[in-house]
1. Would segment 306-318 turn up any residue that is without any contact (Cβ under 8 Å) to a residue 24 or more places away in the chain, surrounded by 14 or more Cβ atoms within 10 Å (Cβ to Cβ), in contact with a strand residue (DSSP E or B) (Cβ under 6 Å, 6 or more places away or on another chain) and among the polar types (S, T, N, Q)?
2. Does any residue in segment 120-132 that is within 21 Å of L172 (Cα to Cα) and assigned by TED's automatic domain parsing to the domain that holds L145 come within less than 6 Å, Cβ to Cβ, of a residue that is part of a strand (DSSP E or B) and of a type in the set (D, E) six or more places away or on a different chain, and which pairs are these?
3. Restricting the search to segment 210-265, which residues are of a type in the set (S, T, Y) and surrounded by 13 or more Cβ atoms within 10 Å (Cβ to Cβ)?
4. Tally the residues that are in contact (Cβ under 8 Å) with a residue 60 or more places away in the chain, closer than 30 Å to N159 by Cβ and of a type in the set (G, A, S), restricting the search to segment 176-228.
5. Among the residues of segment 36-52, count how many are farther than 22 Å from A168 by Cα and in contact with a Phe, Trp or Tyr (Cβ under 9 Å, 6 or more places away or on another chain).
6. Restricting the search to segment 207-240, which residues are acidic (D, E) and touching a helix residue (DSSP H, G or I) at 6+ places or on another chain (Cβ under 9 Å)?
7. State whether one or more residues within segment 59-71 are aliphatic (A, V, I, L, M), over 30 Å from I308 (Cα atoms) and over 19 Å from the mean Cα position of the chain (by Cα).
8. Under 22 Å from the mean Cα position of the chain (by Cα), over 17 Å from G364 (Cα atoms) and either assigned to a strand (DSSP E or B) or not assigned by TED's automatic domain parsing to the domain that holds Q75 (or both) - does that describe any residue in segment 270-277?
Amino acid sequence: MKKIVFLIFLYSYCCIAQETTTTTKAPKAATVDVNYFSGSIARHNDDILHLITGHPEGFIISYNQKTFGYDDWSQFYNYPDYGVSFSYQNLQNEFLGENLALYAHYNFYFLNRNLMLRVGQGIAYTSNPYDKVENFRNIAFGSRLMSSTYVMLNYKKENLFKRIGVQAGLSLIHYSNANVKAPNTSINTLAFNVGVNYNLDDTSLIEYQQTEVTQNFAEPIKFNFVLRAGVNESDAIGSGQYGFTILSAYADKRLGRKSAIQLGTEVFFSNFLKEWIRYRSIAFPNGEIAGDEDYKRVGVFVGHELFINKLSVVTQLGYYVYYPVDFEGQTYIRVGMKRYFGKKWFGALTLKSHAAKAEAVEFGVGIRL
């Protein structure tokens, strides 16, 4: 588990620290910001009602590197920032304890750069995870290390007093180990944040580059083949962690600089499901599970890919056409990131879920032909 969440953060950081492809030397400019937040745990599952006893609070410290269009991608996204964040959160519940997290993030800007949307992905450490003897009530965090995502939507003003500015808005902080180890109901915190920002460099003389783009990014249909793998566990606590593999094949059509659409199929070899079938047939002998059902599944999916330089964000909606045993529903969702290495090869880090119920973190490698 520790290796998996470390790789999640490392992959996110490497994807954000992308290389530029222009020869003009880009100016360096960075900011730091500190935000205090306070809010409430969202009631996404009735099983966590005993864990919602107060208003979680904490702080987020961030370092941001600005972009000015001296590359081949940032001007398409209105010159975003990229950086790292550290957060501390007291969940105000004796069973949940406190969380520390480290993220890689992007800041995207709208409304004349007054509205900032930050998206961060990283790893979190919890002080009080589930323990079958000492902390069996914490069904949210089955492991001490987890993945974490946070989203921040803020009104932001820089340089109000010399290089000091302010920002305020809403934040969503999510913790989950994606069912790498049970239990894992996860926790979502909805919060209001307020903070200050400081420009480490004088940016008053730096101009945003606006170059005319003549390249046509549209492409003919390409075919992709992906091998995904990982480990996960069913919701039955103590049932054990098992490896899985997924073979995916899909066609994509790139429409322009930012987007491509996808259509494909895949086969799931989920060994945890084999153990879940055996467990259910023994624990509930008069139930719907006989014990001889096939653990494999076959799905079809449609998807979208958003390109940001060598990084892309993938969203897919799938449906099991071969579904021999009912487990969490017949539709599924996949979201995550891809990192291209050259024009053909790519690595992928994705999360597969059924609605809000995570099934697995998938590590993948693929080729686009």
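The values are calculated or read from the model by the stated rules, or taken from the named source; none is laboratory data. The structure displayed is predicted, hence computed values, not measured ones. Every residue, glycine among them, receives a Cβ derived from its backbone with ideal geometry; neighbour counts consider all protein chains shown.
1. Yes, some residue in segment 306-318 is without any contact (Cβ under 8 Å) to a residue 24 or more places away in the chain, surrounded by 14 or more Cβ atoms within 10 Å (Cβ to Cβ), in contact with a strand residue (DSSP E or B) (Cβ under 6 Å, 6 or more places away or on another chain) and among the polar types (S, T, N, Q).
2. S127/E98
3. Those that are of a type in the set (S, T, Y) and surrounded by 13 or more Cβ atoms within 10 Å (Cβ to Cβ): S234, S239, Y242, T245, S248, Y250, S259, T265.
4. Qualifying residue count, segment 176-228: 2.
5. 2
6. Scanning segment 207-240 gives E233, D235.
7. Within segment 59-71, none of the residues are aliphatic (A, V, I, L, M), over 30 Å from I308 (Cα atoms) and over 19 Å from the mean Cα position of the chain (by Cα).
8. No, segment 270-277 contains no residue that is under 22 Å from the mean Cα position of the chain (by Cα), over 17 Å from G364 (Cα atoms) and either assigned to a strand (DSSP E or B) or not assigned by TED's automatic domain parsing to the domain that holds Q75 (or both).
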